1. If DNA, RNA and ligands are ignored and the probe is 1.4 Å, what is the ranking of Leu82, Leu98 by accessible area, most exposed first?
2. Treating only the Cβ of Lys, Arg, Asp and Glu as charged (+1, +1, -1, -1), what charge dipole size does region 209-258 show about its Cα centre? Round to the nearest 20 debye.
3. Sort Arg95, Arg265 from largest to smallest accessible area, using a 1.4 Å probe on the heavy atoms of the protein chains.
4. Taking amide H positions as placed 1.01 Å from N in the peptide plane, with prolines and chain starts having none, which residues 5 or more places from Ser186, or on another chain, fall under 5 Å of its amide H?
5. May I ask for the distance between the Cα centers of region 124-161 and region 284-304, given as a whole number of Å?
6. So what is the 222 nm mean residue ellipticity for the chain from helices alone, if each DSSP H run of at least 4 adds -39500 (n - 2.57) and you divide by all residues, rounding to the nearest 500 deg cm²/dmol?
7. How far, in nm, would the chain grow between Ala126 and Asp111 when pulled straight, counting 0.36 nm per residue and subtracting the alpha carbon separation?
8. Of the residues Gly272, Gly54, Gly131, which exhibits the maximal mean-square fluctuation in a Gaussian network model of the chain defined by a 10 Å Cα contact cut-off?
Amino acid sequence: MKAFVKSVILCAALIFAVPAAAGGLKADKSEDIPVSVTAMPQSHTIKLLCSATGGITETDIEDYAVYAVLEEVPFIPDTEALKAQVCAARTYAARRILAGESESGAHISDDSSKYQTALTEAAAMAVYGDGYDEAVSAVKAAAKTTEGEIIMYGGAPAAAVFHISSAGVTESAESVWGTDYPYLASVSSDCTEARHEFTEAELYARISSEYPDADKFDGVNILSATAAGTVTSAEVCGIALDGGRLAEILSLESAAFEVSDGDGRVIFTVKGSGHLVGMSICGADGLSREGMSYRDILAHYYPGTEIEKMQ
């Protein structure tokens, strides 16, 4: 059950306690990056495919934004940060609408590994439990205040990707996905840290379960990393892996990690949670508590963008 929390002190604890979609590496939503759109959407209706039944539900973009936020965030952030998060969710929906319907006739499906999905009202009530009324009221208030507002760049809705927490700075889209989006640059942000300890036998077991031809464990060799600290390539047990893949195998919060060892144990110190590109939920929460408006928060995390209202 998600808790309705408004304390930044609990942010780091929630990152590692709540398995929200935005928290894991699978939440990159990098499939959204290549979508090319060049206009403001005229429709305010997004079509969602239910994979199990093949049925399509038509949802107003405002309702989608509310329930997408309830699904994607691991806690309810401070007021201005929550407004920024709603704008990001609404912008995602606008991009999908402009990208057009798939062969199924929908804009997105309920596959959270590919799309930023939204809880149904019933599912949200089950997830939030006694905190549902307070949580949904807060998100709906943020949606009402920012109604119709989306994040624009160059005359089109931006790819407003986000993650749970940063490593002191965010990553650029170019570093992580190989695509240069000027507004997805590395900027200052929050920093959370987690520690994971493995025996050499445990590490070998993890690697060899995925790669049966793995050699005996002989240390973790980090071959390259970005300026922001994300490991881009490493070698373990004779297997060359990108940092994201290694983080996935070891269930690390992000690919921004350092490794130390001794006495037969290997320690991974991990910074941030998620892909580290775009807006940090925890970072935005901190900026909101410092008095920054949602518009300034969005301008910080998506430099060069503008907020425009859908007609």
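1. Descending order: Leu98, Leu82.
2. For region 209-258, the charge dipole is close to 80 debye.
3. Largest to smallest exposure gives the sequence Arg265, Arg95.
4. Under 5 Å from the amide H of Ser186: Ser172.
5. Centre-to-centre (Cα) distance: 15 Å.
6. Calculated at 222 nm, the ellipticity per residue is -10000 deg cm²/dmol.
7. 3.5 nm
8. Gly54
The values are calculated or read from the model by the stated rules, or taken from the named source; none is laboratory data. These figures come from a predicted structure and were not determined experimentally. With ideal geometry, Cβ positions are generated from the backbone for all residues, glycine too; neighbour counts draw on all protein chains shown. Ligands, DNA and RNA are excluded from the accessible area calculation, which covers all protein heavy atoms including side chains. Shrake-Rupley method; radii C 1.70, N 1.55, O 1.52, S 1.80 Å.
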